[in-house]
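Note sheet for the following structure.
The values are calculated or read from the model by the stated rules, or taken from the named source; none is laboratory data. Keep in mind the model is a prediction, meaning the values are calculated, not measured. For neighbour counting, all protein chains shown are included, and Cβ atoms are generated from backbone atoms with ideal geometry for every residue, glycine included. Heads up: the accessible areas ignore ligands, DNA and RNA and are worked out on the full protein's heavy atoms, side chains in. Shrake-Rupley method; radii C 1.70, N 1.55, O 1.52, S 1.80 Å.
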Amino acid sequence: MTTTTTMTTTTTMTTTTTTTTNTLRLLFIIFLLRLGFAAYSQDQPLFSFGVMTDVQYADRENQGSRHYRSSLTKLHGAVRVFNEERVDFVMHLGDFINDNYNSYDTILKITALLEMPLYFVPGNHEFAVDSYLKGKVLPLYGYQRGYQSFRKEGWRFILLDGTETSLIRSPKGSKGYEKSLKFMDELKAAGAKNAFVWNGGLSDRQFRWLKRKLNRSQRKNESVIMACHYPLLPSSATDNLFESDKVRSLIETYPEVVSWFNGHTHVSRLIEQNRISYISFRGMVEEEENAFAIVKVFEDRLDIKGYGKEMSRIIKDKMF
């Protein structure tokens, strides 16, 4: 009896020990899986989007570094990559064509192959078409106005129209043209280095709209990416947005603004100032090698992968 009881007790203790050990192992495995999943989740982007600018297609011979006809092949290549990488949307930062409205017939057939939304930011070359066609440009894109905003996974995108106060926007003799001409004269009188016909700026109405959007993003704790055809920096540049200091002073008061994306300069460049990353993207029309990017958006950063001659960069969200 004693021997039997002892054996039973020993067996029970052994079984209990084995069960406890197995339970601890299972809990440890679950801990590792959760740890691994957390690390995996942190390394997965919230979403991604494509960026390209200054495709500037035209059926004409090369002019210096601008290889107009080659933009068709390069655009096809960018569209293919965007589809393969399954980005959530694509932004074009202005100057989709060079100066011929009929170029849209050719180039829009290529972007129609995109399997995701395409957002256009107006540039000066969009309106370098014949005067009677200027009013058809924005409706061709499906827009009533050139600026817009949308939200994606807690991030706010503000797309600005920097052509509103440009001479190239409206037909000569129109009220819009005369108003822009007066403003241009004021800029020249003030010694503005960027007072040229190919540059432009925001209307007062758009500027007020921008302030409202930024205030709303601040209330909602949204991280903000801004896009415009024109750069804001360096301050001495001759191709900046009109009243760039005024716009920059506004957006730099909002810690929610992470980055400003622009085209126009045709060069890939990064300038960091007052927490904001000001990024110029290379024009696709430049030379034979392609230039575009895919941006992966994480909780705390932007991972910009450049293709062709576009630069790759990591942009930290200064709010984190």
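There is no residue in segment 249-268 that is more than 12 Å from the chain's Cα centre (by Cα), part of a loop (DSSP other than H, G, I, E, B), among the acidic types (D, E) and more than 25 Å from R151 (Cα to Cα). Taken over segment 271-287, the criterion of being surrounded by fewer than 22 Cβ atoms within 10 Å (Cβ to Cβ) and either at pLDDT below 95 or out of contact with any Ser or Thr (no Cβ under 6 Å at 6 or more places or on another chain) (or both) is satisfied by I271, E272, Q273, N274, R275, Y278. Flag: A128 does not match the condition of being of a type in the set (A, V, I, L, M, F, W, C), open to solvent by 70 Å² or more (accessible area, probe 1.4 Å) and more than 19 Å from the chain's Cα centre (by Cα). Taken over segment 288-320, residues that are in contact with an Asp or Glu (Cβ under 9 Å, 6 or more places away or on another chain), open to solvent by less than 60 Å² (accessible area, probe 1.4 Å) and part of a strand (DSSP E or B) amount to 12.
Any residue in segment 199-207 that is part of a helix (DSSP H, G or I), of a type in the set (S, T, N, Q), at pLDDT 95 or above and surrounded by fewer than 20 Cβ atoms within 10 Å (Cβ to Cβ)? Yes, segment 199-207 has at least one match.
Residues of segment 255-270 that are more than 24 Å from D99 (Cβ to Cβ) and surrounded by fewer than 17 Cβ atoms within 10 Å (Cβ to Cβ): P255, R269, L270. Of the candidates R69, R80, R86, R34, the single residue that is at pLDDT below 95, among the basic types (K, R) and open to solvent by 80 Å² or more (accessible area, probe 1.4 Å) is R34. Regarding L108, is this residue in a loop (DSSP other than H, G, I, E, B) and open to solvent by 10 Å² or more (accessible area, probe 1.4 Å)? So L108 fails the test. Scanning segment 269-282 for residues that are under 14 Å from the mean Cα position of the chain (by Cα) and part of a loop (DSSP other than H, G, I, E, B) returns F281, R282.
Determine, yes or no, whether E164 is within 15 Å of the chain's Cα centre (by Cα), closer than 26 Å to M226 by Cβ, open to solvent by 40 Å² or more (accessible area, probe 1.4 Å) and of a type outside the set (S, T, N, Q). Judged against the criteria, E164 is not a match.
Report, ordered by the first and then the second residue, all pairs with beta carbons closer than 7 Å, sequence separation of six or more or different chains, a first member in segment 67-90 that is over 17 Å from G306 (Cα atoms), and a second member that is assigned to a loop (DSSP other than H, G, I, E, B) and among the charged types (D, E, K, R). Once the first residue is over 17 Å from G306 (Cα atoms) and sits in segment 67-90, its partners that are assigned to a loop (DSSP other than H, G, I, E, B) and among the charged types (D, E, K, R) give H67/E287; H67/E288; Y68/R60; R69/D59; S70/E288. Selection of segment 208-234 for residues being part of a helix (DSSP H, G or I) and either within 21 Å of F120 (Cα to Cα) or open to solvent by 10 Å² or more (accessible area, probe 1.4 Å) (or both) yields R208, W209, L210, K211, R212, K213, L214, N215, R216, Q218, R219, K220. Given the structure, is N100 over 15 Å from Y141 (Cα atoms), among the polar types (S, T, N, Q) and open to solvent by 50 Å² or more (accessible area, probe 1.4 Å)? Yes; evaluated as a whole, the condition is true for this residue. Does F196 satisfy the criteria of being more than 26 Å from A293 (Cβ to Cβ), open to solvent by less than 10 Å² (accessible area, probe 1.4 Å) and part of a loop (DSSP other than H, G, I, E, B)? Spelling it out, it is not the case that F196 is more than 26 Å from A293 (Cβ to Cβ), open to solvent by less than 10 Å² (accessible area, probe 1.4 Å) and part of a loop (DSSP other than H, G, I, E, B).
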